[in-house]
1. Taking T8, is it within 21 Å of R192 (Cβ to Cβ) and β-branched (V, I, T)?
2. Given the criterion touching a Ser or Thr at 6+ places or on another chain (Cβ under 8 Å) and over 24 Å from L113 (Cα atoms), identify the matching residue among P240, P229.
3. Out of the residues in region 210-235 that are hydrophobic (A, V, I, L, M, F, W, C) and outside any strand (DSSP E or B), state the one that is nearest to Q133 (Cα to Cα).
4. Test G293 against the stated conditions and say whether it is over 22 Å from D43 (Cβ atoms), touching a helix residue (DSSP H, G or I) at 6+ places or on another chain (Cβ under 9 Å) and not in a strand (DSSP E or B).
5. Scan (1) at pLDDT below 95; (2) open to solvent by 10 Å² or more (accessible area, probe 1.4 Å) for the single condition G21 breaks and write down its number.
6. Just name the residue that is surrounded by the fewest Cβ atoms within 10 Å (Cβ to Cβ) out of those in region 24-42 that are over 23 Å from T221 (Cα atoms) and either of a type in the set (S, T, Y) or free of Cβ contacts under 8 Å to residues at least 24 places away in the same chain (or both).
7. Could you tell me how many of the residues in region 52-66 are outside any loop (DSSP other than H, G, I, E, B) and either at pLDDT below 95 or surrounded by 14 or more Cβ atoms within 10 Å (Cβ to Cβ) (or both)?
8. Working only within region 254-269, note down all residues that are assigned to a helix (DSSP H, G or I) and either within 14 Å of the chain's Cα centre (by Cα) or surrounded by 24 or more Cβ atoms within 10 Å (Cβ to Cβ) (or both).
Amino acid sequence: MSKHWSQTFYTYIWVFNTGRGLSVCVRFPHNVGMVYDLGASEDFSPADFIAKNIAPRLDKYENHAIAQTFLSHPHTDHILEIEAIQQGKPLSPKLITCPNDKVYEEAIDFRRLANGNNEQLLAAYRRTYEKRQPPLQTIKAPEVGSPYRANVPDVEYGLYYLRPPLVHALHPSNDHHYGNGISLVVYIRHGRSTVLLTGDITPDVFREVLKGRAGVEKRFTYFRANGVPEDFHTRTSTQPVLEKLLGERGLGTLVTPHHGLESCYCPDLFNAIRGNKTYINVISEKRHCPTDGTVDCRYQSEETSFGCTVNIDGHEDRCRSASTRNGHHILLILEAGRPQPYVFLRSDAYDLLTIA
């Protein structure tokens, strides 16, 4: 009998079908968990699913079942289940990392985010961090001598974002672009396998983030490295520039910006990637209505992806993209020696829990 996923040295990344949003759960090989965004649909709650089926199997990080929650930006489809991470709730994380107004030079302008229908949700969003203290950060690496540090494969992750006032300068009049542009980008590497979570970041902002220009903030955690500056996880210093990482290592999996829509396709990203292609592009696709826009066909073409094997409801096919559109939840498994992930699509999220 194979091991349970919580006993393996793989990285597991679940991308849930939320209908019109994004919700991702990451389990690192030292069995610590991270959540990226809190979208949900009327018929599926990722927060409930994680709380019942994933969090109880994780090792606690400083007495928290979830080590870190990233809220990429405070648009409704990314924070709908914000109450699930309030203090005392099952998914209450040690770190809540989100665009905020705690520090003047990084403050977001909530006047540009309010649309008359989301005031209560924005208020709940602000309550999640009202007692938190800056800076935005990634989690601490295991201590030297820890059994986790000795056993965990070569794993790291980093946070990148452009300070919101500079996003305002790039998008001075379009409030929707401003809200998308403040998205936090998370880079994950497990050996030769890499993943990029991009929220709804706009191409103009992504260009700045890739190049690490002035005003781009960086945080980084190396789980095994020795000699890494102690402040790498708390403030911007000499952490690697994202464009350099992608150029040296390539990119295995892109969780596409803004649900794969044409409006946020970023040629600069693919120009930065070694070989100019991913192995697969993952699309948390909106259920269509006339105002949603169109998924960019380039994500499914040889222009952007080498392709890899995808297991869809038990049948294998070679695909360049994987989407939640047809009711599928997605599981990516990263193995140290493989640049491409193992990819599974299932209509029932519970079926993804049996894969190890």
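The values are calculated or read from the model by the stated rules, or taken from the named source; none is laboratory data. Only a predicted model underlies this, so the values are computations on that prediction, with no experimental measurement involved. Reconstructed Cβ throughout: ideal geometry from the backbone, glycine too, with neighbour counts over all protein chains shown. Note: accessible area is taken over every heavy atom of the protein model, side chains too, but ligands, DNA and RNA are not part of it. Shrake-Rupley method; radii C 1.70, N 1.55, O 1.52, S 1.80 Å.
1. yes
2. Working: P240 fails: touching a Ser or Thr at 6+ places or on another chain (Cβ under 8 Å).
Just one listed residue meets the conditions, P229.
3. Going residue by residue through region 210-235, those that are hydrophobic (A, V, I, L, M, F, W, C) are 210, 214, 216, 220, 223, 225, 228, 232.
From what's left, outside any strand (DSSP E or B): 210, 214, 223, 225, 228, 232.
Working: L210: 27, A214: 23, F223: 24, A225: 27, V228: 24, F232: 17 Å.
For region 210-235, the residue satisfying everything is F232.
4. Here the answer is yes, as G293 does meet what is asked.
5. For G21, the failing item is (2).
6. Result: E42.
7. 6
8. First, pick out the residues of region 254-269 that are assigned to a helix (DSSP H, G or I): 257-260, 262-264, 267-269.
Answer for region 254-269, where residues must be assigned to a helix (DSSP H, G or I) and either within 14 Å of the chain's Cα centre (by Cα) or surrounded by 24 or more Cβ atoms within 10 Å (Cβ to Cβ) (or both): P257, H258, H259, G260, C264, L269.
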